[in-house]
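> First the structure, then my questions, so here it is.
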Amino acid sequence: MDSSAETKPKSCCRFGRLLNLAIQVLRFAAASVVLGILAGLGATVLTLILYAVQYLAFGSIESAKNTVFSGFPWYRYMLSTTIAMAIAGVAWYLLRKRENPPRIVTIPQAVSGSKMPIFSTIAHVLLQIGIVGSGISIGREVAPRELAAMFAQRYSRIFHMSAKTQRVLIASAAGAGLAAVYHAPLAGTVLALGLLSKTQGFGFYAWLNRDDGSVAVNIVKNIAHSERLYCLPFALVMNYVAAFVVEFVMHHSSYYNISHFSCAISWQICVLAIAVGAVCGLVGYVFRLGIIWCRTHALRGVKMLCFMPVAGFIIGIIACRFPHIMGNGRSLSQLAFSVSSFPHVAASANIMIILLILAILKMLATLLVLRYGASGGVLQPSISTGACIGVILYSIFYSTFGISQVSAISVAIIGSASLLASSRKAPIMAWLLVAELVNAPFALLFLMLFAVIVSHLVANCVECFISHSCFLRSRAHDNLGILKFMVRR
């Protein structure tokens with residue numbers, strides 16, 4: 001009698017734990033699905049707004065087969081960009097006027113716990129979409145990510161989620177915003193994991209906080225308690241649901257119009273991948289420094305009111321001669337991929353010079369917009385610049401060594417992933433994003449990954465060299481000061 005009476009409470013306790021676990025799993029699954037749907041619908045609405053602005057400014061809608069920005073009179077370019085930046089300047093001036101608490105909260109700040117205001121966040125998102133639709137050179141991927149992050153923060157507060165779950169939901173939703181725009185759920189998942197604390201890896205940092213016991217035991221413990229591992233199922237479900245919603249509503253088609261091509265691994269294309277990765281690593285590092293500097297020293301207040309229309313006017317003037325620099329970079333990427341479809345055309349010296357000019361102007365126009373106070377992403381500007389550099393390097397190798405068996409489109413795609421990896425310091429995300437955008441064949445995936453690793457290593461080596469040089473220079477300056485002091489004594 002006593003033993004049976006003791007087993008009853010134990011079995012009830014086990015049943016209660018299993019029931020609580022099942023309820024938690026269902027609750028988290030529902031949160032992932034609901035927020036994925038909201039992220040997908042938000043990205044769909046923003047895409048329709050982008051199309052509306054493009055139709056108002058240029059009379060047509062951008063697609064893989066229509067670059068929108070070509071074939072207009074000069075005044076249409078300047079009016080579109082100048083008016084858009086003037087309106088955006090006034091709106092951002094009013095949004096940024098109050099700093100405590102701030103009206104504009106970034107995604108990393110939201111992951112850390114800062115509250116994203118509803119109306120100012122929506123206004124900030126719409127401004128980013130508006131200036132991209134009018135032809136301003138800036139990415140549009142930040143807007144749907146911020147909108148999805150705001151949805152996740154409100155959802156987690158309404159349903160009283162824990163602080164850890166709230167961070168995970170916001171990071172996952174931000175990745176889902178990217179997945180919804182570019183139909184890239186794997187890249188969005190990696191981006192979501194990257195938003196969480198760098199010391200909360202999948203056990204790779206176990207040697208940093210070693211407890212009693214072996215390293216293997218500590219690695220297993222860290223994997224079990226990892227915030228990123230906790231985030232992984234949320235992010236995967238949310239990203240795939242958001243991508244499915246956009247595809248179901250918008251009838252998703254390919255982001256680029258790329259003709260069919262084959263990619264065979266050979267020593268020629270491997271050498272080209274190394275060269276493209278190295279050059280794009282260097283260019284991407286310089287571009288990243290420029291982005292950081294421009295965002296750190298971005299104009300605010302009355303100066304922003306005066307200079308943002310000037311930035312729009314300058315971009316409008318340049319667009320009269322080079323319209324492909326306009327927009328988020330899809331137009332320039334499409335030009336590079338279209339040119340690379342014809343290897344003999346890609347090897348032309350005139351085409352090479354034009355693509356070089358367009359790549360430089362695209363980077364400078366993006367930096368100009370950021371410096372004068374606008375907000376937005378830099379993924380597509382990096383991808384388009386990398387595609388141009390890939391075609392240029394292919395042209396050099398083609399005219400020098402006659403590598404006719406190498407696919408020019410493959411080299412352009414490798415350049416896109418390589419420059420994005422070094423400019424954003426996110427090699428895995430860059431590799432997956434470009435692969436999902438272009439539907440890369442299996443053989444090309446290895447070449448892209450190889451070039452991305454080379455690009456990342458080159459950028460890190462340059463960064464370490466510059467940091468070491470600055471350290472030695474400051475140390476020599478200090479030693480010289482001490483020597484001068486001793487001489488005076």
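The values are calculated or read from the model by the stated rules, or taken from the named source; none is laboratory data. Note that the coordinates shown come from a computational prediction; the quantities given were computed from them, not determined experimentally. Using ideal geometry, Cβ is built from the backbone for each residue, glycine included, and neighbour counts are taken over all protein chains shown. The area values use the complete protein model at the heavy-atom level, side chains included, leaving out ligands, DNA and RNA. Shrake-Rupley method; radii C 1.70, N 1.55, O 1.52, S 1.80 Å.
Residues checked against (1) charged (D, E, K, R); (2) surrounded by 24 or more Cβ atoms within 10 Å (Cβ to Cβ); (3) closer than 30 Å to Phe287 by Cα; (4) in the same structural domain as Tyr240 (by the TED database):
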{"position": "Ser134", "(1), (2), (3), (4)": "no, yes, yes, yes"}
{"position": "Ala143", "(1), (2), (3), (4)": "no, yes, yes, yes"}
{"position": "Met150", "(1), (2), (3), (4)": "no, yes, yes, yes"}
{"position": "Ile158", "(1), (2), (3), (4)": "no, no, no, yes"}
{"position": "Leu169", "(1), (2), (3), (4)": "no, yes, no, yes"}
{"position": "Ala174", "(1), (2), (3), (4)": "no, yes, yes, yes"}
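> Would you check if there is a residue in region 379-397 being part of a loop (DSSP other than H, G, I, E, B), over 12 Å from the mean Cα position of the chain (by Cα) and not acidic (Asp, Glu)?
No, every residue in region 379-397 fails to be part of a loop (DSSP other than H, G, I, E, B), over 12 Å from the mean Cα position of the chain (by Cα) and not acidic (Asp, Glu).
> Return only the number of the condition from (1) open to solvent by less than 20 Å² (accessible area, probe 1.4 Å); (2) in a helix (DSSP H, G or I) that Asn328 does not satisfy.
(2)
Yes/no per residue for (1) free of Cβ contacts under 8 Å to residues at least 24 places away in the same chain; (2) within 23 Å of Val168 (Cβ to Cβ); (3) open to solvent by 60 Å² or more (accessible area, probe 1.4 Å):
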| site | (1), (2), (3) |
| --- | --- |
| Leu35 | no, yes, no |
| Thr44 | no, no, no |
| Phe58 | no, no, no |
| Phe69 | no, no, no |
| Pro73 | yes, no, no |
| Ser80 | no, no, no |
| Val111 | no, yes, no |
| Val125 | no, yes, no |
| Gln128 | no, no, no |
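> Now a separate question. I'm told Met352 meets every condition in (1) open to solvent by less than 10 Å² (accessible area, probe 1.4 Å); (2) at pLDDT below 95; (3) over 19 Å from Thr67 (Cα atoms) except one. Can you identify the failing condition by its number?
Every listed condition holds for Met352 apart from (1).
> Out of region 331-340, which residues are open to solvent by 10 Å² or more (accessible area, probe 1.4 Å) and either of a type outside the set (A, V, I, L, M, F, W, C) or in contact with a strand residue (DSSP E or B) (Cβ under 7 Å, 6 or more places away or on another chain) (or both)?
Gln334, Ser338
> Just checking, how many residues over region 113-123 are in a helix (DSSP H, G or I), open to solvent by 50 Å² or more (accessible area, probe 1.4 Å) and either touching a residue at least 24 places away in the same chain (Cβ under 8 Å) or not assigned by the TED database to the domain that holds Leu193 (or both)?
So the answer is 2.
> Right, Ser375: of a type in the set (S, T, N, Q) and open to solvent by 10 Å² or more (accessible area, probe 1.4 Å) or not?
Here the answer is yes, as Ser375 does meet what is asked.
> Where residues in region 84-101 are crowded, with 16+ Cβ neighbours inside 10 Å and not small (Gly, Ala, Ser), which of them is modelled with the lowest pLDDT?
Taking the candidates together, the pick is Arg96.
> Could you check, for region 400-414, whether at least one of its residues is open to solvent by 20 Å² or more (accessible area, probe 1.4 Å) and in a helix (DSSP H, G or I)?
Scanning region 400-414, I find at least one residue that is open to solvent by 20 Å² or more (accessible area, probe 1.4 Å) and in a helix (DSSP H, G or I), so the answer is yes.
> Another question, if that's okay. For region 415-434, which positions are part of a helix (DSSP H, G or I), under 17 Å from Pro185 (Cα atoms) and of a type in the set (Gly, Ala, Ser)?
Ala417, Ala430
> Going through region 264-292 one residue at a time, which ones are in contact (Cβ under 8 Å) with a residue 60 or more places away in the chain, open to solvent by 80 Å² or more (accessible area, probe 1.4 Å) and farther than 21 Å from Tyr398 by Cα?
Leu282
> Here is a follow-up. Taking the options Ala443, Ala430, name whichever one is more than 16 Å from Tyr256 (Cα to Cα), in contact with a Lys or Arg (Cβ under 7 Å, 6 or more places away or on another chain) and not charged (D, E, K, R). It would help to see each step written out before you state the result.
Details: Ala443 fails: in contact with a Lys or Arg (Cβ under 7 Å, 6 or more places away or on another chain).
Only one candidate qualifies: Ala430.
> Another question, if that's okay. Taking region 82-103 as the search range and keeping residues that are in contact with a Pro (Cβ under 9 Å, 6 or more places away or on another chain) and of a type outside the set (A, V, I, L, M), which one is nearest to Met326 (Cα to Cα)?
Thr82
> Being open to solvent by less than 40 Å² (accessible area, probe 1.4 Å), more than 30 Å from Thr44 (Cβ to Cβ) and at pLDDT below 85 is the requirement here; does Gly203 meet it?
Details: open to solvent by less than 40 Å² (accessible area, probe 1.4 Å): yes; more than 30 Å from Thr44 (Cβ to Cβ): yes; at pLDDT below 85: yes.
It is true that Gly203 is open to solvent by less than 40 Å² (accessible area, probe 1.4 Å), more than 30 Å from Thr44 (Cβ to Cβ) and at pLDDT below 85.
> Ok, one more. Restricting to region 47-81, count the residues that are basic (Lys, Arg), outside any helix (DSSP H, G or I) and either within 17 Å of Ile317 (Cα to Cα) or at pLDDT 90 or above (or both).
Number of matching residues: 0.
> Go over the candidates Ala421, Ala430, Ala443 one by one and state the one that is surrounded by fewer than 24 Cβ atoms within 10 Å (Cβ to Cβ) and assigned by the TED database to the domain that holds Leu272.
That would be Ala443, the only listed residue that is surrounded by fewer than 24 Cβ atoms within 10 Å (Cβ to Cβ) and assigned by the TED database to the domain that holds Leu272.
> Does any residue of region 309-320 turn out to be surrounded by 24 or more Cβ atoms within 10 Å (Cβ to Cβ) and closer than 18 Å to Val434 by Cβ?
No.
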